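> Below is a structure I'd like to ask you about.
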Amino acid sequence: MPAWVEQMKAGAEEPEAGSRGKPPAGERELLRGNTESLLLYLIAEFGQIHGYQLIQEVRNRSKGYFQFRAGTVYPALHKLEQEGLIKGEWQSRPGSQQRRHYVITAKGKDALSQRILTWRRFTAAMDLILKPEQP
């Protein structure tokens with residue numbers, strides 16, 4: 001068995017959140033495939049939220065593990081809006097610049113439910129392989 005597998009099974013500690021720098025390629029691929037789902041979930045939870053707040057919320061909730069940049073978030077939000085999963089609306093407050101606030105649509109709620117179900121099935125199947133039951 002490779003040493004890295006032994007380390008994972010032994011519960012080797014990962015680097016502290018935020019000290020990791022750029023994630024390895026495998027983690028970047030996982031994140032890229034799930035960025036929209038994370039954003040969709042947070043929009044649904046908040047009811048209404050703007051892009052910068054999403055970036056901060058992802059960073060805070062992941063304890064710095066996810067470091068989304070505007071160049072990742074805003075194109076993802078635009079795609080979700082084009083697909084009809086969210087709706088954006090410009091809002092302004094006195095003394096501050098306009099911000100685009102996003103809300104989830106009915107179609108977005110359905111898509112989010114499906115994405116969560118798919119994720120849970122995927123992680124359950126992964127766990128069956130990574131943590132097999134002992135006889």
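Where a number appears in this text, it was derived from the coordinates with a stated rule and is not lab data. Keep in mind that what you see is a predicted model, and the values were worked out from it rather than measured. Backbone-built Cβ (ideal geometry, glycine too); neighbour counts: all protein chains shown.
> Using only alpha carbon pairs under 8 Å that are at least six residues apart, calculate the relative contact order of the range 23-125 and give it in whole percent.
So the answer I get is 29 percent.
> Let me ask you something else. For a quick check of your reading of the filter: which trypsin sites (Lys or Arg not before Pro) in the range 31-107 sit in a DSSP loop and have no more than 14 other Cβ atoms within 10 Å? Intermediate results must be reported in sequence, preceding the final value.
On the way: sites: Arg32, Arg59, Arg61, Lys63, Arg69, Lys79, Lys87, Arg99, Arg100, Lys107; in loops: Lys63, Arg69.
Hits after loop and neighbour filter: Lys63, Arg69.
> Could you work out the Rg to Rh ratio of the range 73-123, with Rh taken as the Kirkwood radius (inverse of the mean 1/r over all Cα pairs)?
Taking Rh as the inverse mean 1/r over Cα pairs, Rg/Rh reads 1.14.
> As a test of the definition: which semi-axes, in Å, follow for the range 36-135 when you take the square root of five times each eigenvalue of its alpha carbon gyration tensor? Largest first, please.
31, 16, 10
> List the GluC sites (Glu not before Pro) in the range 63-121 that DSSP assigns to loop (not H, G, I, E or B) and whose Cβ has at most 13 other Cβ atoms within 10 Å. Which are they? Intermediate results must be reported in sequence, preceding the final value.
Working: sites: Glu81, Glu83, Glu89; in loops: Glu83.
Filter output for the range 63-121: Glu83.
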